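Asker: One structure, as structure tokens, below. Some questions next.
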Amino acid sequence: MNKNIRDQYSFALIFSIGMFLLAIHGSAEVRMPHIFGSNMVLQQGMPVPVWGWAEPGEAVSVQFDDVNKKTTANANGEWKVKLPSRKVGEPCSLVAAGKDNTLQFDNVLVGEVWFCSGQSNMAIGVGMCNNPEQEIANANYPDIRLYSVEQDVSGIPNNDAGGAWYICTPQAIKEGGNLSCGGFSAAAYYFGRELHNALGVPVGLIESAWGGTCIEQWIPPVGFAEQPGLEDFTKAISQANQQYAEDMKPFFHDFQAWKNEPAGTKGEFYMPRFRLPIHPLEPASYGGFPAQPTVLFNSMVNPILPFAIRGALWYQGESNRDDPLYGEKMRALINGWRTVWGEGEFPFYYVQIAPFSGYEDTYEHFGADAIPMLWEDQMSALNLPNTGIAGTYDITDLNDIHPKNKQDVGKRLALQALAKTYGQKDVVYSGPLYKSMKMKDGKAVLHFDHAGAGLMSRDDKPLSWFTIAGEDKQFVPAEAQIVKDTVVVSSDKVAQPAAVRFGWSKIAEPNLSNKDGLPALPFRTDKW
């Protein structure tokens with residue numbers, strides 16, 4: 001771990017705040033974070049961390065089925081054990097016991113756990129998407145379990161966040177997640193339902209999403225620190241933490257005086273003066289929500305760590321349109337989460353943001369190309385291992401930034417997981433992806449990966465949203481025809497083609513797909 005990363009986590013003053021609050025408001029009883037609870041799902045096929053807090057030096061035992069693990073809380077009152085890898089089985093109880101109390105969580109299953117995050121298109125619930133009444137009424141899946149992380153912001157890493165596990169029922173789907181968004185995440189639920197039906201195993205879904213948020217708010221410090229081009233974010237985080245430590249010094253001066261006062265007066269004397277300063281990265285009020293780095297990672301991801309998961313889903317991008325650094329930020333998010341989770345290169349599948357007519361054409365950096373450039377940045381993350389994208393422009397509504405067809409979004413994410421994570425054969429999980437271009441007889445011949453059973457026009461009309469340009473860089477509408485496993489693109493206005501673009505517009509809804517029903521993803525062959 002380099003110095004920049006270490007500095008972001010080693011502020012003794014910040015840690016002491018938490019320990020002091022625990023001393024005043026907490027007790028010496030064994031405690032565990034909210035992510036542990038009755039009805040939860042523990043990840044199969046890998047060691048499962050179980051952790052919590054107790055009195056320093058206190059002996060703690062953890063029992064799960066026939067496995068018993070013992071440990072001792074360290075000097076900071078922290079304890080952790082790892083349960084051995086298990087297969088799917090009958091419901092069990094997880095019991096953690098200390099000297100004075102016992103915690104028991106019942107109806108615990110072993111299965112597949114996925115962390116589902118992003119902004120409003122991840123947060124929007126089943127009740128606000130297609131066919132809500134029937135979908136909610138049919139949501140009886142005892143082996144699907146739902147957890148929604150309470151929304152909060154923090155300038156420093158929190159060790160817990162509110163939430164609870166629920167068995168998937170119509171009531172849980174309707175009332176889980178953010179009620180103002182229509183209940184539990186539709187994209188996450190439909191993904192989990194597809195997995196459960198295909199694999200026949202319990203599925204745990206952890207929703208941690210907030211509408212209107214930016215990707216940098218979800219990235220851990222280590223993600224910024226290890227991604228070239230994001231040094232300014234690392235510097236800002238370090239400066240904010242240093243400022244917070246300075247702001248805390250008067251509080252600790254008062255704290256020392258308070259410790260020396262007579263025992264019977266401490267509460268009345270000190271607590272009225274107990275005012276923690278606001279961390280510089282946090283908004284002054286919840287009326288405004290600036291795109292400050294790490295504040296949602298700290299409050300809505302870090303409290304889950306290191307809960308064992310199979311992988312993560314991500315559905316975000318609208319708030320980062322016209323962002324020249326989005327590609328680097330996606331890498332920082334993916335690599336950063338993988339680093340802090342400590343599970344290696346776990347699967348990370350994400351959703352192409354949908355075309356939308358309401359986006360501007362006069363953005364500062366990319367103008368009318370802002371949305372295609374964002375799509376290109378999303379596609380660039382496919383260069384990282386164990387990643388995949390679900391295309392959406394064929395299941396969209398150009399007049400709605402929140403397309404209602406989340407059933408197909410969940411299904412397409414599940415196809416990625418079934419094929420690449422669970423190794424199911426003969427599953428076509430991607431639409432055609434541009435591979436290469438060759439020139440022949442004044443025409444551009446395009447080759448694709450993931451053609452599946454073959455290329456086709458999904459509406460049987462001529463292929464749409466292809467443009468072509470010569471060396472003058474002036475793109476014009478082009479004719480495009482499917483020839484075997486290629487697409488041949490030409491225009492009588494361009495005698496010597498140099499570049500082709502496909503779906504390069506915020507309102508593009510092209511019709512090229514494979515015969516398996518998955519759309520080709522937008523691309524350009526140039527870097528102009």
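The values are calculated or read from the model by the stated rules, or taken from the named source; none is laboratory data. The model shown is predicted, which means the values in this text are computed figures rather than measured ones. Positions of Cβ are generated from backbone atoms using ideal geometry, with glycine treated the same way; all protein chains shown enter the neighbour counts. Side chains are part of the model used for accessible areas, which takes the heavy atoms of the whole protein and leaves out ligands, DNA and RNA. Shrake-Rupley method; radii C 1.70, N 1.55, O 1.52, S 1.80 Å.
Asker: Checking Val487 against (1) surrounded by fewer than 20 Cβ atoms within 10 Å (Cβ to Cβ); (2) under 38 Å from the mean Cα position of the chain (by Cα), which single condition isn't satisfied?
Answerer: Every listed condition holds for Val487 apart from (1).
Asker: A further question on this structure: If you go through the range 180-230, how many residues are of a type in the set (A, V, I, L, M) and touching a strand residue (DSSP E or B) at 6+ places or on another chain (Cβ under 8 Å)?
Answerer: 10
Asker: Further question on the same structure: Could you please give the count of residues in the range 150-179 that are open to solvent by less than 70 Å² (accessible area, probe 1.4 Å), part of a loop (DSSP other than H, G, I, E, B) and either free of Cβ contacts under 8 Å to residues at least 24 places away in the same chain or farther than 25 Å from Asn197 by Cα (or both)?
Answerer: 11
Asker: Another question, then. Residue check, Ser430 against (1) hydroxyl-bearing (Ser, Thr, Tyr); (2) outside any strand (DSSP E or B); (3) surrounded by fewer than 19 Cβ atoms within 10 Å (Cβ to Cβ), all met but one. Which one?
Answerer: Single failed check for Ser430: (3).
Asker: Here is a follow-up. Identify all residues within the range 460-500 that are in contact (Cβ under 8 Å) with a residue 40 or more places away in the chain and charged (D, E, K, R); write none if there are none.
Answerer: Within the range 460-500, Lys461, Lys473 meet the criteria.
Asker: Does the range 56-78 contain any residue that is modelled with pLDDT under 95, touching a Phe, Trp or Tyr at 6+ places or on another chain (Cβ under 9 Å) and open to solvent by 60 Å² or more (accessible area, probe 1.4 Å)?
Answerer: Yes; the residues of the range 56-78 include at least one that is modelled with pLDDT under 95, touching a Phe, Trp or Tyr at 6+ places or on another chain (Cβ under 9 Å) and open to solvent by 60 Å² or more (accessible area, probe 1.4 Å).
Asker: Starting from residues that are of a type in the set (Ser, Thr, Tyr) and open to solvent by 20 Å² or more (accessible area, probe 1.4 Å), keep the ones in the range 358-416 and report whichever is nearest to Gly327 (Cα to Cα).
Answerer: Per the criteria, the residue is Ser380.
Asker: Being surrounded by 22 or more Cβ atoms within 10 Å (Cβ to Cβ) and among the hydrophobic types (A, V, I, L, M, F, W, C) is the filter; apply it to the range 213-235 and report the residue that is farthest from Ala123 (Cα to Cα).
Answerer: Of everything passing the filter in the range 213-235, Ala225 is farthest from Ala123 (Cα to Cα).
Asker: Also, quick follow-up: Identify, from the list Ala284, Ala291, the residue that is more than 28 Å from Pro372 (Cα to Cα) and either at pLDDT below 95 or out of contact with any Lys or Arg (no Cβ under 8 Å at 6 or more places or on another chain) (or both).
Answerer: One residue alone meets the criteria, Ala284.
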